[in-house]
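S.K.: Have a look at this one.
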Amino acid sequence: MNNNFIFGGIFAFSILLLGIVFLVLIINIVGRWCLFKKAGKNGWEAIIPFYSDWVYVEVAQLNYWWFFLVVSNSIANFLSDDLGSIFYFVSLIALFVCNYNISKKLHKDTVFAVLMTIFPFIFVTMAGVSSNYKWDDSVKVGKNGPFGNNENDDNFASTSDNDNINNSDVKYCPYCGKQNNNNDKFCSNCGREI
């Protein structure tokens, strides 16, 4: 009788733990989905493993090779358990670099990028879901994040359609933050009236 009680408690705890992990995973996917939409990508791209990391690097406007650093922990764990702890930190630093650029696009500071890295299910979701966080394509970010942000460098990127547009000729969508022409009546990203 006592063994059944112990096994029942372990089973209930396992189900509870699995439910929490599943909930955090869903919250993280919803946050990325909404963040991708703000950045002009498709929301469904947040669902596909590894591809969502590729898109995350694209949204951050980093060089393509940052993707390999972001997923290095997963690859190392697949190949060998001994490499996992080393590549965990490599992956964490690469995610911070992604979040650094993304936080700049949201007009947030480095502290917000750190919080996005440590607690992505909270802060990435906040950045994606909340209307207080506007995506600004006109903000220039380094293709290597905080490492080499010299504007004269070739590693400097911007996604604005035309960097020579006069600021009076543009307006930003109040819903998703996408840059639009001043004479547009609907947002080119989310389709809402602006």
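The values are calculated or read from the model by the stated rules, or taken from the named source; none is laboratory data. Computed from a predicted structure; not experimentally measured. Please note: Cβ atoms are built from the backbone with ideal geometry, for glycine as well, and neighbour counts cover all protein chains shown. Accessible surface is based on the protein model in full, side chains and every heavy atom, while ligands, DNA and RNA are left aside. Shrake-Rupley method; radii C 1.70, N 1.55, O 1.52, S 1.80 Å.
S.K.: Just to be sure I understand the filter: pairs with C-beta atoms under 9 Å, separated by 6 or more residues or on different chains, first member in region 65-81 and over 23 Å from LYS143 (Cβ atoms), second member surrounded by 15 or more Cβ atoms within 10 Å (Cβ to Cβ) and of a type in the set (Val, Ile, Thr). Which pairs pass?
M.R.: As it stands, the answer is ALA76/VAL90, since those pairs meet every condition given.
S.K.: Under 8 Å by Cβ, and 6 or more places apart or on different chains, what pairs join a residue from region 180-194 that is under 24 Å from CYS34 (Cβ atoms) with one that is open to solvent by 80 Å² or more (accessible area, probe 1.4 Å) and among the small types (Gly, Ala, Ser)?
M.R.: Cβ pairs passing all conditions: ASN180/SER188.
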